[in-house]
Amino acid sequence: MSAQLSGTKKRHSTPGEAGAPLVQLRAVYKAFPLQQRLLGPSRHWVYAVNGVDLQLTPGRTVGLVGESGSGKSTVGKLICRLELPDSGQVLYDGQDVTRFRGAALRAYHRQVQMVFQNPYAALNPRKRVDSMLREVLKVHRLAGCSQMEERLVQLLEQVGLPAESRHRFPFEFSGGQRQRLCIARALAVEPRVLVCDEPVSALDVSIQAQILHLLKTIQQKNQLAMLFISHDLSVVYHMCDEVLIMYLGKIVERGEAERIFSQPLHPYTRALLSAIPVAEPGRKRERIVLHGEIPSATRRPPGCPFYSRCPQRLPHCQTEFPPAHSPQTGHTVWCWLYREGHQPIRMDQS
């Protein structure tokens, strides 16, 4: 699936229309032990998330983009409280989710749902569809015995599946249909936040557009706050209102999707965008090839994490993380090039 990167694209909402954030991450850090010793703490840690700030607002979709290993999925798990932060805050409606216990935690898990990357592994192969959905509705007490059958049919029709499919096992469905079942299961509890972790990367290209259209329709209808994690920048451009570029656990650029794709500022963002194929015959984009080694996630670099691969690195990039630079409202980049008055490499197009 591809999207045109030029021209004007109508967005669902603007920051002024969106209202107060529903989910906020404030300076969140998360590390995982790499080699757990029998006695005592681990000596080696993988620093997955390093001081991430993020906001999810009802009716808007935030895209999280970066290479594999940059920490995107960990951010999604922190929002869903599948992982707990080492430091910083994860807030829901202004409340710290790490303090939720009992009924409050159950209510939070109902409000925040996740659509996983692999629909084959996300469904229990031993349970029929109706059994899986009934379990969700019973646990959260969302439907009585007399309403259960009607609710199951509504959920399946909402994601484009026939009512008869509720009597089938997951192995009887195609990949796209299984992802629709995962979406139906997430929607069963009527969430306010939806975290989509590479929801179409395991599907055929012909099916991806259908699932994306379904997600977009559901998000607009229910005014969900959505985090959309993806490698495919064309999909991100199509789906998202705001885009965050993540590299080695840090956010290096954030802004409205239109500005990120039309005026990328960080050298890493420009390199990612230069890899997108151009759909117009005769039009070429100069590819920015990155050289050098990616720093080890077990030894967090003190300066800019992109230093070892940046084609325009400066001496102090290695020792100091750059401050935020906002050339215009709704667009922020963390790069020393702008503080020092340099200009990043252009993405020449002809």
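In the condition set (1) out of contact with any Leu (no Cβ under 7 Å at 6 or more places or on another chain); (2) part of a helix (DSSP H, G or I), Val252 is compliant with all but (2).
Taking Leu273, is it in a helix (DSSP H, G or I), within 22 Å of Ser73 (Cα to Cα) and not small (Gly, Ala, Ser)? Spell out the reasoning first.
Details: in a helix (DSSP H, G or I): yes; within 22 Å of Ser73 (Cα to Cα): yes; not small (Gly, Ala, Ser): yes.
Spelling it out, Leu273 is indeed in a helix (DSSP H, G or I), within 22 Å of Ser73 (Cα to Cα) and not small (Gly, Ala, Ser).
So for the range 89-107 (the condition being of a type outside the set (Gly, Ala, Ser), exposed (fewer than 14 other Cβ atoms within 10 Å of the Cβ) and at positive phi), does at least one residue qualify? Yes, because at least one residue in the range 89-107 is of a type outside the set (Gly, Ala, Ser), exposed (fewer than 14 other Cβ atoms within 10 Å of the Cβ) and at positive phi.
Checking each residue in the range 327-344 for being surrounded by 12 or more Cβ atoms within 10 Å (Cβ to Cβ), closer than 17 Å to Ile260 by Cβ and at pLDDT below 90 picks out Pro327, Gly330, Leu337, Tyr338, Pro344.
Applying the selection to the range 217-247, what residues are in contact (Cβ under 8 Å) with a residue 40 or more places away in the chain and assigned to a helix (DSSP H, G or I)? Steps first, please.
Applying the first criterion (in contact (Cβ under 8 Å) with a residue 40 or more places away in the chain) to the range 217-247 yields 218-220, 223-247.
Residues satisfying the conditions are Ile218, Gln219, Gln220, Leu233, Ser234, Val235, Val236, Tyr237, His238, Met239.
For the range 52-97, a residue qualifies if it is closer than 23 Å to Val243 by Cβ and either outside the structural domain of Gln113 (by TED's automatic domain parsing) or of a type in the set (A, V, I, L, M, F, W, C) (or both), and the qualifying residues are Val52, Leu54, Leu56, Val62, Leu64, Val65, Val75, Leu78, Ile79, Cys80, Val90, Leu91.
Considering only the range 137-150, state which residues are under 20 Å from Asn222 (Cα atoms) and assigned to a helix (DSSP H, G or I).
Of the range 137-150, the ones under 20 Å from Asn222 (Cα atoms) are 137, 140, 142-143, 150.
Answer for the range 137-150, where residues must be under 20 Å from Asn222 (Cα atoms) and assigned to a helix (DSSP H, G or I): Leu137, Glu150.
On the given criteria, is Pro302 of a type outside the set (Val, Ile, Thr), exposed (fewer than 14 other Cβ atoms within 10 Å of the Cβ) and in a loop (DSSP other than H, G, I, E, B)? When the stated conditions are applied, Pro302 passes them.
The values are calculated or read from the model by the stated rules, or taken from the named source; none is laboratory data. Because the structure is a prediction, the values reported are computed rather than measured. Glycine gets a Cβ as well: all are built from the backbone with ideal geometry, and neighbour counts include every protein chain shown.
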